[in-house]
Structures are given as structure tokens and as C-alpha cells.
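Visitor: Before I ask anything, here is the structure I am working with.
Just so you know, all these numbers are worked out from the coordinates, no wet-lab data involved. This one's a predicted model, so the numbers in the text were calculated from it and none came from an experiment. Here the Cβ is made from the backbone with ideal geometry for all residues, glycine too, and neighbour counts use every protein chain on show.
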Amino acid sequence: MSIFNPLQIQVGVSACLLGQQVRFDGGHKRSEFVEKELSRYFSFIPVCPELAIGLGVPRKAIRLVKRNEMIHVEASDGSFDVTEKLTAFAQNKTAELGHLAGYILCAKSPSCGMERVRVYSPQGSVKEGRGVFARILMAQNPLLPVEEDGRLCDPLLRENFVTRVFAYHDWLSLKHDGITRGKLIAFHSRYKYLLFAHQPSAYKALGKLLGDSVTFSLEQLSDRYISGLMQGLQHPISRKNHTNVLQHLQGYFKKQLTPEQKTELHNTIDKYRRGLVPLMVPMILLQHYLREYPNPYLTAQVYLNPHPEDLALRYGL
Ligand code: SF4
């Protein structure tokens, strides 16, 4: 049953990534980042589809097999087929997960793998499949931020995923409170620079959508808005786009800063643009000026704090 709690960011996870010994060989695939870091902020809902359909531990390994253009899930020795059971479980389970703000899947698994899962056929094998549970989860929840453990080792993908989870939870909280046109516009206002950094064209399109909002019912408007926002946020932010946003934010302080301070801020952003300092250097300077010269509009910008600082996700960017 789907129960949304605005005080908890609930995220689904392949159970083996939390260290649960549910793999076919009795082992696990513990992810330090998931278990140690993210669990400080996310409330994880572990799911092991293979265990849930009654395959025990240990069990025969299963794999994706392509026959007559259909994907089957079979024991590696061909002794049983769990396609129907796994599909039925995935359909029922994922229908209960509308309260989740994200999902972390275990790579390469014929059940949980998000991409490049090995598919066997009489001609050999190719890494072109998606695990059965992952496929149904993603098809039934197209807005849900989903990532794999392996891809989360990439600093850019990691930061992007966590940003999307926090944003989606924010959206689910807004829905839980009850959306109005006014609340939707206020929400968009907070996401302005974040979305602008991820994908300027999505930012323009959503601004236009809200500008023409009288032509849509509130439900249509909300659906179109969140779809555009989540698609836009999927684009990792380039250095060029960060620079562009930082330069816009710099403009808010033009009346308060001394010429020396302006030069320092300008030079710091330019050093970031040239790859000489990490993103956090101009960000810290901007945050410092924001504390000195408070501006409620800027303070509310999610771009400045998309996720908790102590996750240190922007330090490597
Ligand atoms: S990858 Fe999925 S099915 Fe396999 S052990 Fe982990 S949670 Fe279970």
C-alpha cells in the first residue's frame, strides 16, 4: 500500500545493495554510498524480486533469454522459467510504490538491472537488456528518478540522481498538501535556476506552460509541469550552464558589492569556468554574500541547496 510521508524521503532499493544476503549465491552487493551516506537522508524500502517470488537462497542463477522475439527469465541451466511470476510480482509491487521519491537498482541483474543486462539467445549473448522488475518499475513510474549502484560511482550522475530525488519528494509533498495554481507557480519560482542550469529550453517551456495555464485544468497543468521538470532535471548540468547561472546570481549583488568584491566574485566564477577551481568555490562565495545581503528570492532557490551539504556531492564537480 502506498503511504506518502512528507517527513521521510522514501526510496526503493534492491535489497542486496543494503547488504542483505539475498543473492543467488547467498551473498550481497552492499553499496557503501547507499548504506552509509544516503541512508542518513533516505528511508529505504528494500525489495528483492527473486526472493519475493519464492526463489530461495541459495538458488540457481537466472538469466534473460530471447526466444521468438520474446524475453524470458529462466534458470541458467534451463530447468525452470519464472517470466510470468516475476512479471506479475513486478506489476503488483510497482503499483504500490507511488509514494517513492526514487529507486536504486542493482546493476546487471536479470531482475533489477536498469541497462546493459546480458540477454542470451541461440546466437550468443549481448548486453542490451533490462531486468524484468526494472523494466516494469520504470514503465509504470516514468517520472521516478531511477539509478543503478554502478552509475552512482560517477560524481555527475550521483549528484544528478540525488538532486532529482529531493526534487521529486518536494513535488510529492506539494501534491500531498494539495496543489493550487498559486502553489505551482511558487514551486516553479524556487526551481527556476536549478532547471535553467539543467536545461534552459525546459525552463523556457515550463515558464510558457504556466503563462498559458488558463487553457488547462489544474490536473493537466500539474501533470505537464512535473513531467517537464523531471525530464529537464535528467540532463546533468554542464560547466557552461553552471557558469551561466552563477553569472546570473552574481547580478543580484551588483548594488551591494564593492568594486573589489565584484572583481573577486567575477574572477572566481571565471576560474570555475576554466576548470581551475571546483564548483564549490564560487558557490561558497555567493552563499557568503547572500548571508551578508539577504535576498528571500535567492535564498529560496533550490539551485543553491539542492541536497544536504554534508553529502558533499558538489565537491567533485
Ligand atoms: S539484484 Fe535484485 S533480485 Fe538479485 S539479489 Fe539483488 S535485489 Fe534480489
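Visitor: Just to verify a result, which residue in segment 191-240, among those that are outside any helix (DSSP H, G or I) and either charged (D, E, K, R) or within 19 Å of the chain's Cα centre (by Cα) (or both), is surrounded by the most Cβ atoms within 10 Å (Cβ to Cβ)?
Guide: By that ranking, first place goes to I237.
Visitor: Looking only at residues in segment 283-310 that are surrounded by 17 or more Cβ atoms within 10 Å (Cβ to Cβ) and within 25 Å of the chain's Cα centre (by Cα), which one is farthest from F33 (Cα to Cα)?
Guide: L298
Visitor: Here's a check for you: in segment 37-70, which residue that is of a type in the set (V, I, T) and in contact with a Gly (Cβ under 7 Å, 6 or more places away or on another chain) is surrounded by the most Cβ atoms within 10 Å (Cβ to Cβ)?
Guide: V47
Visitor: Can you give me the number of residues within segment 34-70 that are more than 16 Å from the ligand (Cβ to nearest atom) and over 15 Å from Q20 (Cα atoms)?
Guide: 12
A quick yes/no check of all residues on (1) more than 19 Å from E115 (Cα to Cα); (2) in contact with a helix residue (DSSP H, G or I) (Cβ under 7 Å, 6 or more places away or on another chain); (3) more than 10 Å from the ligand (Cβ to nearest atom):
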position: V13; (1), (2), (3): no, yes, no
position: K85; (1), (2), (3): yes, no, yes
position: A90; (1), (2), (3): no, yes, yes
position: I104; (1), (2), (3): no, yes, yes
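Visitor: Right, another one. Quick one: would you say I9 is more than 9 Å from the ligand (Cβ to nearest atom), over 15 Å from T94 (Cα atoms), of a type in the set (A, V, I, L, M) and touching a residue at least 24 places away in the same chain (Cβ under 8 Å)?
Guide: For I9, the condition - more than 9 Å from the ligand (Cβ to nearest atom), over 15 Å from T94 (Cα atoms), of a type in the set (A, V, I, L, M) and touching a residue at least 24 places away in the same chain (Cβ under 8 Å) - is met.
Visitor: If the requirement is being more than 20 Å from the chain's Cα centre (by Cα) and either under 27 Å from P155 (Cβ atoms) or surrounded by 17 or more Cβ atoms within 10 Å (Cβ to Cβ) (or both), which of these qualifies: R23, R30, R116?
Guide: R23 is the lone residue from the list that is more than 20 Å from the chain's Cα centre (by Cα) and either under 27 Å from P155 (Cβ atoms) or surrounded by 17 or more Cβ atoms within 10 Å (Cβ to Cβ) (or both).
Visitor: Being touching a helix residue (DSSP H, G or I) at 6+ places or on another chain (Cβ under 7 Å) and in contact (Cβ under 8 Å) with a residue 40 or more places away in the chain: is that true of H198 here?
Guide: It is true that H198 is touching a helix residue (DSSP H, G or I) at 6+ places or on another chain (Cβ under 7 Å) and in contact (Cβ under 8 Å) with a residue 40 or more places away in the chain.
Visitor: Among the residues of segment 15-33, which ones are closer than 16 Å to V162 by Cβ and near the ligand (Cβ under 9 Å from one of its atoms)?
Guide: L17
Visitor: Would you tally the residues in segment 288-308 being more than 14 Å from V245 (Cα to Cα) and in a helix (DSSP H, G or I)?
Guide: So the count comes out to 8.
Visitor: Here are K93, K85: which of them is farther than 25 Å from D170 by Cα, basic (K, R) and surrounded by fewer than 20 Cβ atoms within 10 Å (Cβ to Cβ)?
Guide: Checking each option against the conditions leaves just K85.
Visitor: Continuing with this model, one more query. Six or more apart or on different chains, Cβ under 7 Å: which pairs go from a residue in segment 170-188 that's aromatic (F, W, Y) to one that's surrounded by 14 or more Cβ atoms within 10 Å (Cβ to Cβ)? Could you list them?
Guide: Pairs that qualify, where the first residue is aromatic (F, W, Y) and the partner is surrounded by 14 or more Cβ atoms within 10 Å (Cβ to Cβ), are W171/I226; F187/L174.
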